[in-house]
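The values are calculated or read from the model by the stated rules, or taken from the named source; none is laboratory data. No experiment lies behind these values; they were computed from the predicted model shown. So basically every Cβ, Gly included, is an ideal-geometry build from the backbone, and we count neighbours across all protein chains shown.
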Amino acid sequence: MTRIVRSALLQCAYTGDKQTMIDKHVNYVEQAASQGAQVMCFQELFYSPYFCQVQDVVHYSWSESVPDGPTTTLMQQIAAKHKIVLIVPLYEKDDAGIYYNTGVVIDSDGTFLGKYRKTHLPHLPGFWEKFYFRPGNTGYPVFETSVGRVGLYICYDRHFPEGARVLGLNGAEIVFMPSATSRGLSQHLWKIEQTSHAIANGYFVGTINRVGVEAEFGANNYYGQSYFCDPKGQFVGDVASEDADELVVRELNLDLIQDVRNTWQFYRDRRPDMYDGIVAS
């Protein structure tokens, strides 16, 4: 029997406050579920602006505990209501003064399956992430969900092939890559890196970017263009708009993973015994 997973991504502009962003996403989950979506991923730090454009302790207040914080609890209820797997990126408070850029994974019955903490953190003008987050310490977990094995890689992580490979080795079938990426130096990489990860590792990728301008943080202009790609690196349907909110819903044929891996034997032919230099200090 063919394994078809109807999957959704949401790119959207910041509304101006946390509650309306949460309400907006809850509404889009309902829309996605009405279109038959079985799994859905939100954008990086979904309920807030991308505040890392400045360094100000006031923005620590966006953080919440996981899994017992209010947003995770709400999304567990929403996932169960609509019978949909949710990937929810948010600002996690682990302890006093200890914060992470985190993605929460919730199964379609509302079960909290776990979390991934962003591993690689940029620290340069416009992306002062080390002011707000500790580097992640979760490794690269793959979550057994009702739709298959799901992994997570967040924004700046996508520039590093090592974690993307580990997700494949750990059994990921779909890897979601939520981002907050503005126009600039890396825009031309947007359709290259994620499709390359899909090809090199033989899995589907769903990648999201914000849209709109958050003028209070330097007028960064996010360029959207969220998409799914298959293990051949081909887009599944159209790439989303550059400047408008968009719910992207696509059918992913997970049987294609085995077909591609039978053709491109990258896992068989890799030589980990020859790669010690990759991790040399």
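List of remarks:
- The set of residues from segment 124-162 being assigned to a helix (DSSP H, G or I), touching a helix residue (DSSP H, G or I) at 6+ places or on another chain (Cβ under 8 Å) and buried (at least 21 other Cβ atoms within 10 Å of the Cβ) comprises Tyr156, Asp157, Arg158.
- The criterion of being farther than 18 Å from Tyr222 by Cα and either more than 17 Å from the chain's Cα centre (by Cα) or part of a loop (DSSP other than H, G, I, E, B) (or both) holds for Pro67.
- Listed by position, the strands (runs of 3 or more DSSP E) contained in segment 191-238 that have at least 3 residues being in contact with a Cys (Cβ under 7 Å, 6 or more places away or on another chain) and in contact (Cβ under 8 Å) with a residue 24 or more places away in the chain are 204-208.
- Qualifying residue in segment 142-153 (condition: under 23 Å from Ser182 (Cα atoms) and either modelled with pLDDT under 95 or not basic (Lys, Arg) (or both)): yes
- If the condition is being of a type in the set (S, T, N, Q) and either surrounded by fewer than 19 Cβ atoms within 10 Å (Cβ to Cβ) or within 19 Å of Glu92 (Cβ to Cβ) (or both), then segment 24-52 contributes Asn27, Gln31, Ser34, Gln35, Gln43, Ser48.
- Test result for Thr207, closer than 26 Å to Pro125 by Cβ and touching a strand residue (DSSP E or B) at 6+ places or on another chain (Cβ under 9 Å): yes
- Filter result for the condition that a residue is out of contact with any Lys or Arg (no Cβ under 6 Å at 6 or more places or on another chain), farther than 26 Å from Phe217 by Cβ and either hydroxyl-bearing (Ser, Thr, Tyr) or surrounded by fewer than 24 Cβ atoms within 10 Å (Cβ to Cβ) (or both), over His59, His82: His82
- Within segment 88-112, the residues that satisfy the criterion of being among the hydrophobic types (A, V, I, L, M, F, W, C) and over 22 Å from Ser61 (Cα atoms) are Val105, Ile106, Phe112.
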